[in-house]
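Trainee: Starting off with a structure, shown below.
The values are calculated or read from the model by the stated rules, or taken from the named source; none is laboratory data. All figures in this text were calculated on a predicted structure; none of them were measured in a lab. With ideal geometry, Cβ positions are generated from the backbone for all residues, glycine too; neighbour counts draw on all protein chains shown. These area figures cover heavy atoms from the full protein model, side chains too; ligands, DNA and RNA do not enter into them. Shrake-Rupley method; radii C 1.70, N 1.55, O 1.52, S 1.80 Å.
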Amino acid sequence: MSYTSAHILVYPFPASGHIIPLLDLTRLLLTRGLTVTVLVSPSHLPLLQPLLSSHASVQPLVLSSAPEPPSSSSPQLSLPAKIRATAALYDPILQWFRSHPHPPVAIVSDFFLGWTHRLATDLGVPRVAFWPSGAFAASIYNSLWRDLPKNDDPTDENFVISFEGVPNSPKCPWWQITPHIRDPDGEFMRNGMLANFQSWGAVFNSFTELERVYIDHVKKVMGHKKVWAVGPLLPPTDDQMGPANRGGSSAVPAHEVMTWLDGKRDESVVYVCFGSRVELTSKQTEALAAALERSEVHFIWCVQEHVAGRGDSIPEGFGKRVGERGFIVRGWAPQVAILSHRAVGVFVTHCGWNSVLEGVAAGVLMLTWPLGSDQFLDANLLVDQLGLAVRACEGGVKNVPDLGELTRLLAESVSGKRLERTRVKDMRKAAWNAVKGGSSTRDLNELVEKLSELSKK
């Protein structure tokens with residue numbers, strides 16, 4: 001299928017969990033003949049390098065005033081404050097567009113960058129909102145920011161919020177509601193979130209068979225059908241952008257992890273990872289370590305290196321006690337490659353959407369342990385609505401799993417007797433069918449066709 005070589009600007013939110021899936025989408029757009037400029041901060045430019053080395057029709061746009069993520073030693077800005085900081089690029093982007101000999105015909109930007117809807121309007125080009133999260137979470141957040149639910153008794157953290165306008169009328173306790181609605185910069189964030197549903201189009205890192213009812217709901221709310229589910233967005237397995245390099249270099253050589261896995265039985269290994277930004281408390285880490293030790297399962301545990309004295313500190317002597325049963329990765333792990341290995345059968349996950357889709361695509365049983373933001377919604381979708389996963393723990397710093405229950409769950413999870421394992425394997429087939437000529441391929445081709453038509457006007 002051939003298209004006009006339309007030029008578009010891709011603008012990811014400056015955080016790895018947002019950049020990685022949007023770069024995966026960018027690669028697919030490039031292979032379909034589009035010309036793409038990607039706006040990145042200087043520190044995230046290395047993530048773009050594999051694309052730059054393999055596609056001549058992609059260019060980086062590194063603006064000197066692009067906000068950098070705070071370092072571990074600097075004060076941590078709230079999410080709304082980080083989002084507001086990105087708006088400092090409004091005028092530089094405007095000037096770049098107006099000085100470019102062949103400016104982009106559209107802007108594809110992360111859903112946290114809702115302010116780019118007004119920028120696109122000022123430039124007279126369409127804006128496509130990119131959601132690295134799912135349509136269920138998007139539906140909830142749109143309802144949340146639109147209606148701003150209130151709790152008459154803020155001390156009651158279990159006060160239940162109902163989202164009656166969303167399919168299946170989901171509910172969640174007050175403590176799971178984003179605190180950003182009370183942030184001083186929350187109004188700016190709210191306007192941006194609502195602008196996403198006013199955009200010319202929307203793209204989701206999801207697929208129809210996983211979230212059909214919520215994708216249809218988004219179309220209804222937006223009032224048009226320019227809503228495309230093109231996921232799961234995953235790296236190719238046959239080039240330098242493959243699983244081992246996705247998102248950066250692994251903290252250990254990928255071949256070492258693979259060699260260790262090669263010596264294990266099929267579906268006998270538990271992979272434990274809470275993403276690149278989530279941090280367990282010391283008590284949570286101790287409970288997890290004790291459960292892994294007592295359950296006697298084989299496991300890979302990805303532990304993030306954080307500021308000294310904070311969470312994720314593995315108990316002393318743990319490695320020696322578990323011996324060859326455990327493989328500990330301190331830092332970034334080649335997650336897609338690990339999950340895809342035949343020996344891995346279980347994934348203990350924080351339910352970040354990238355991890356959810358990678359788990360589904362690998363067909364592994366997921367044990368959910370959400371710790372914040374949309375992770376609670378993702379766990380609700382997986383466990384309560386789709387029956388693809390089992391709840392292991394839930395909550396922020398206050399919740400520590402019951403050691404006996406977590407030990408039992410880990411041991412039982414590798415036995416292969418759970419119905420959820422069968423269901424997630426069926427969903428794995430649906431996911432790969434979607435991206436190999438099915439629903440996601442059709443949506444992607446339609447997206448490219450619509451973008452290409454813009455260059456003809």
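Trainee: Taking amide hydrogens as modeled 1.01 Å from N in the peptide plane, which residues meet the under 5 Å criterion relative to CYS351, leaving out close sequence neighbours?
Mentor: The answer is TRP369.
Trainee: May I ask you to compute the full-extension gain from GLU157 to LYS436, defined as 0.36 nm times their residue separation minus their alpha-carbon distance, rounded to one decimal in nm? If you can, show how the numbers build up before the last one.
Mentor: Values: separation 279, 0.36 × 279 = 100.44 nm, distance 4.44 nm.
Result for the pair: 96.0 nm of gain on full extension.
Trainee: If one computes the Cα centroid of the stretch 206-235 and of the stretch 176-194, what distance in Å separates the two points?
Mentor: Measuring centre to centre over Cα atoms gives 24 Å.
Trainee: Next up: Would you please give the residues with an amide H less than 5 Å from that of ARG391, counting only those at least 5 places away or on a separate chain, with H modeled from the backbone geometry?
Mentor: THR368
Trainee: Please tell me the relative contact order of the chain in percent, rounded to the nearest whole number, where contacts are Cα pairs under 8 Å and at least six residues apart. Mind showing how you got there, number by number?
Mentor: Numbers: 808 pairs, mean separation 70.9, N = 457.
About 16 percent, as a whole number.
Trainee: Another question, if that's okay. Quick one: with all protein chains in place, what share of the accessible area of the chain is carbon or sulfur, to the nearest percent (1.4 Å probe)? Display every interim value, and only then the final one.
Mentor: On the way: 9580 of 19050 Å².
Carbon-and-sulfur percentage of accessible area, whole number: 50.
Trainee: Compute all pairwise cysteine Cβ distances in the chain, then list the cysteines with no distance under 4.7 Å to another cysteine.
Mentor: CYS172, CYS351, CYS393
Trainee: Let me ask another. Of the listed pairs LYS82/LYS283; LYS220/LYS429; LYS226/LYS450, which have alpha-carbon separations greater than 18 Å here? Write down the numbers at each step before the final one.
Mentor: Working: LYS82/LYS283 30 Å; LYS220/LYS429 28 Å; LYS226/LYS450 9 Å.
As for pairs spanning more than 18 Å Cα to Cα, those are LYS82/LYS283; LYS220/LYS429.
Trainee: Solvent-accessible area per residue for the chain at a 1.4 Å probe radius, Å²?
Mentor: Details: 19050 Å² over 457 residues.
Using a 1.4 Å probe on heavy atoms only, each residue of the chain averages 42 Å².
Trainee: How large is ³J(HN,Hα) for each residue in the stretch 130-146, as worked out from phi by the Karplus curve 6.51 cos²θ - 1.76 cosθ + 1.60 (θ = phi - 60°), to whole Hz, x for Gly and Pro?
Mentor: Karplus-based 3J(HN,Hα) across the stretch 130-146 equals 9, 10, x, 9, x, 6, 5, 4, 4, 5, 5, 5, 4, 5, 4, 6, 6 Hz.
Trainee: Just to check I understand the Karplus step: with θ = phi - 60° and J = 6.51 cos²θ - 1.76 cosθ + 1.60, what whole-Hz values come out for the stretch 83-91, glycine and proline as x?
Mentor: 5, 4, 4, 5, 5, 4, 8, 3, 5
Trainee: From the backbone phi of the stretch 152-167, what are the Karplus-calculated ³J(HN,Hα) couplings (6.51 cos²θ - 1.76 cosθ + 1.60, θ = phi - 60°) in whole Hz, Gly and Pro given as x?
Mentor: So the Karplus estimates, Gly and Pro as x, are 5, 10, x, 6, 8, 6, 9, 4, 8, 9, 10, 10, 5, x, 9, x Hz.
Trainee: Taking the chain as the reference, fit the longest principal axis to its C-alpha atoms, fit the long axis of helix 16-31 to the helix C-alpha atoms, and give the angle between the two in degrees, 0 to 90, nearest 10.
Mentor: 50
Trainee: In the set [x] 4, 20, 31, 27, 14, 3, 0; [y] 4, 20, 28, 23, 13, 6, 4, 2, 1, 0, 0; [z] 4, 17, 20, 18, 14, 10, 8, 6, 3, 1, 0, which value of P(r) over Cα pairs in 10 Å bins from 0, in percent was calculated from the structure you see?
Mentor: [x]
Trainee: If you don't mind, another one. Taking amide H positions as placed 1.01 Å from N in the peptide plane, with prolines and chain starts having none, which residues 5 or more places from TRP301, or on another chain, fall under 5 Å of its amide H?
Mentor: The list, which skips near neighbours in sequence, is VAL272, PHE327, ILE328, VAL329.
Trainee: Of the cross-linked pairs LYS219/LYS436; LYS150/LYS398; LYS264/LYS436; LYS398/LYS425, which ones have a Cα-Cα span greater than 26 Å in the structure shown?
Mentor: Working: LYS219/LYS436 24 Å; LYS150/LYS398 23 Å; LYS264/LYS436 30 Å; LYS398/LYS425 33 Å.
Listed pairs above 26 Å: LYS264/LYS436; LYS398/LYS425.
Trainee: Could you sort the peptides 285-296, 11-22 by per-residue average Cβ neighbour count (10 Å cutoff), highest mean leading?
Mentor: Result, highest mean Cβ count within 10 Å first: 11-22, 285-296.
Trainee: Sticking with this one: Ranked from highest to lowest mean number of other Cβ atoms within 10 Å per residue, what is the order of the peptides 438-451, 345-358?
Mentor: Working: 438-451: 19.1, 345-358: 25.6.
Order by mean packing, descending: 345-358, 438-451.
Trainee: At 222 nm, what value in deg cm²/dmol follows for the chain if DSSP H runs of at least 4 each add -39500 (n - 2.57) and the sum is divided by all its residues, to the nearest 500? List each step's numbers first, then the result.
Mentor: Details: 17 runs with 185 residues, N = 457.
It lands at -12000 deg cm²/dmol.
Trainee: Using only Cα atoms, find the angle between the long axis of helix 208-222 and the longest principal axis of the chain, and express it within 0 to 90 degrees, rounded to the nearest 10.
Mentor: It is inclined by approximately 40 degrees.
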